[in-house]
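Q: Please find one structure pasted underneath; my questions will follow.
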Amino acid sequence: MKKVFVALSSLLLVACTKAGLEVANLPNAFSDTKTIKDIVYGPEPWQKLDVYVPAHSSTESLPVVVFFYGGSWKDGSKDMYPFVGEIFAKQGYITVIADYSKYPHVKFPTFVEDGAKAVAWTYRHIAEYKGNPDRLFVAGHSAGAHIGALVTADKHYLQAEGETPSIIKAFAGLSGPYDFVPYEEDYIDMFGPPENYPNMQVTTFIDGKEPPMLLLWGADDTIVGKSNMDKLIAKIETEQGVVESNVYAGVDHVGMLSGFIWFFKSKAPIIDDITDFFQRYK
């Protein structure tokens, strides 16, 4: 049995393979979490989201997490991440997982605009699914953390949707590239020209008035450098905003999602740290 566990763990961590994600998502097929799929949140064909509602008999509305997955702004699908909806449901949260546009079909900032549209839709409609719009949180991993952080910090994205970042109670980012300069050709094309780079950096928009932020990073991450988190923390502290952070020993970039998955004995209490943080800003 131990060998099977190790094999399954390796399958997911090596490359987030399709087979590994299918194993990670097995519990969702048998759980009593209600899943509403492919809800349209905008006019474009990719603007669809899934809502995960925990089974509960209470008439009280539940807190809500909008989660943005990673994939280098190029890859990924909401259909790969039921395990995220499942783990938050076990913590008593309704979870919204939205698809967004990808490069090379679009360039920055279109995918961030999609993120803002998904958050605005959630704020306006989540009560229909027993969610409390006044307890709305945003979280993301990798490129998804970048999208979520920009929606949280740069006011103009939600203002374009008729809302403000004040609808977000708090943000949690896992291994986000919050402050970097593109150097590979595809990323230069995605975010360029160079005079546009400040607009993709979350630090540009920190003024101390943004919602509280929890920034998490794995010490074995070789994909997104710790400097991204450190620079964002420094800017928030300089502007006297609210920020907390944690670095998890022995955890790499993909491993930051291990705490969300049923067959892992996580090296870090990531989901507990996120929900504890959200609980303080409910």
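The values are calculated or read from the model by the stated rules, or taken from the named source; none is laboratory data. Since the structure is predicted, the reported quantities are computational estimates derived from the model, not experimental observations. Ideal geometry is used to build each Cβ from the backbone, glycine not excepted, and the neighbour counts take in all protein chains shown.
Q: Looking at Leu158, Leu214, can you tell me which residue is in contact (Cβ under 8 Å) with a residue 60 or more places away in the chain, touching a helix residue (DSSP H, G or I) at 6+ places or on another chain (Cβ under 7 Å) and farther than 19 Å from Ser72 by Cα?
A: Leu214
Q: Within segment 87-103, how many residues turn out to be under 17 Å from Asp50 (Cβ atoms) and either at pLDDT below 95 or touching a His at 6+ places or on another chain (Cβ under 8 Å) (or both)?
A: So the count comes out to 3.
Q: Next question, about the same structure. Report, by residue number, each residue of segment 142-171 that is in contact with a Ser or Thr (Cβ under 9 Å, 6 or more places away or on another chain) and crowded, with 21+ Cβ neighbours inside 10 Å.
A: Once the filter is applied, which keeps residues that are in contact with a Ser or Thr (Cβ under 9 Å, 6 or more places away or on another chain) and crowded, with 21+ Cβ neighbours inside 10 Å, segment 142-171 yields Ser142, Ala143, Ala145, Ala153, Asp154, Leu158, Pro165, Ile168, Ala170, Phe171.
The rows are residues; the columns are (1) crowded, with 19+ Cβ neighbours inside 10 Å; (2) touching a Gly at 6+ places or on another chain (Cβ under 7 Å); (3) at pLDDT below 95.
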{"site": "Pro43", "(1), (2), (3)": "no, no, no"}
{"site": "Glu60", "(1), (2), (3)": "no, no, yes"}
{"site": "Tyr69", "(1), (2), (3)": "yes, yes, no"}
{"site": "His105", "(1), (2), (3)": "no, no, no"}
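Q: Could I ask something else about it? Mind checking whether some residue in segment 162-174 is more than 14 Å from the chain's Cα centre (by Cα) and without any contact (Cβ under 8 Å) to a residue 24 or more places away in the chain? Let's see the steps before the verdict.
A: First, the residues of segment 162-174 that are more than 14 Å from the chain's Cα centre (by Cα): 162-167, 169.
If we keep only those that are without any contact (Cβ under 8 Å) to a residue 24 or more places away in the chain as well, we get 164.
Within segment 162-174 (the criterion being more than 14 Å from the chain's Cα centre (by Cα) and without any contact (Cβ under 8 Å) to a residue 24 or more places away in the chain), the answer is yes, since at least one residue qualifies.
Q: I would also like to ask the following. What strands (runs of 3 or more DSSP E) lie completely within segment 29-110 and have 3 or more residues being within 29 Å of Asn199 (Cβ to Cβ)?
A: Result: 62-68, 94-98.
Q: Working carefully through the options Tyr248, Tyr178, Tyr281, find the one that is aromatic (Phe, Trp, Tyr), in contact (Cβ under 8 Å) with a residue 40 or more places away in the chain and over 23 Å from Pro63 (Cα atoms).
A: After ruling out the rest, the residue left standing is Tyr178.
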